[in-house]
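Heads up: the structure comes next, in structure tokens.
The values are calculated or read from the model by the stated rules, or taken from the named source; none is laboratory data. Since the model is a prediction, treat every value here as computed from it, not as a measurement. In this analysis, Cβ positions are derived from the backbone assuming ideal geometry, glycine residues included, and neighbour counts consider all displayed protein chains. Ligands, DNA and RNA are excluded from the accessible area calculation, which covers all protein heavy atoms including side chains. Shrake-Rupley method; radii C 1.70, N 1.55, O 1.52, S 1.80 Å.
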Amino acid sequence: MIYNNAKLVENKKRQVVKAIDDCVKIMGVEAVKYSINSFREQGWDGKKWIPRKIDIENPIARPDSLGGMEGYKRRTTRTTDKRQRAILVLSGNLKRSVFNKRIGKFTQLISSPLKYANIHNEGGVVTHPAKGEKPSWKINIPRRRFIGYSRIMANIIKNKLDKRIVNVFR
């Protein structure tokens with residue numbers, strides 16, 4: 001009888017180790033999903049991104065508060081018209097570039113390799129160099145977070161991890 005209990009304990013131990021490894025993977029996958037979803041939601045952690053200046057100065061018709069679509073034309077093809085496309089989305093490269101990489105036993109890195117990802121995520125000033133007779137000029141990029149800590153994302157991950165751990169002890 002003692003032998004059977006030892007096997008049972010060893011089996012549960014393996015299941016716990018596997019569950020911990022799965023939890024680290026789940027954290028990375030869910031963080032990337034949440035980041036990608038921020039492009040769809042046009043905001044982070046329940047707060048909308050700052051709209052473009054052109055959206056404020058010259059808005060196009062939007063669906064009204066009663067659900068009517070009067071004057072609203074849905075975009076059917078890719079467009080460079082800033083009034084008709086989502087913020088931070090022109091080609092979709094930034095959205096597709098978000099990835100996760102395991103960098104430690106219990107650590108996932110969520111990042112983007114694109115050089116302009118950080119300035120959009122953190123905000124700041126970009127200085128364009130002078131070209132020919134044109135002088136250099138600066139542009140202020142507002143912070144539009146799509147990678148980082150989020151209370152909502154943390155709750156989503158916690159719920160997924162709870163379910164995975166509970167499955168071990170059923």
(message) As an exercise: evaluate residue 90 against (1) within 19 Å of residue 24 (Cα to Cα); (2) open to solvent by 40 Å² or more (accessible area, probe 1.4 Å); (3) among the aliphatic types (A, V, I, L, M) and give the number of the one condition it does not meet.
(response) (1)
(message) Please go through (1) at pLDDT below 90; (2) within 29 Å of residue 98 (Cβ to Cβ); (3) out of contact with any Gly (no Cβ under 7 Å at 6 or more places or on another chain) for residue 141 and return the number of the only condition it doesn't satisfy.
(response) (3)
(request) Please determine, by comparing only the residues of region 99-137 that are assigned to a loop (DSSP other than H, G, I, E, B) and open to solvent by less than 80 Å² (accessible area, probe 1.4 Å), which one is farthest from residue 51 (Cα to Cα). (result) 130
(request) Would you be able to say whether some residue in region 54-63 is among the small types (Gly, Ala, Ser) and modelled with pLDDT of 90 or more? (result) no
(request) Report, ordered by the first and then the second residue, all pairs with beta carbons closer than 8 Å, sequence separation of six or more or different chains, a first member in region 147-170 that is on the phi > 0 side of the Ramachandran plot, and a second member that is among the hydrophobic types (A, V, I, L, M, F, W, C). (result) 148/44
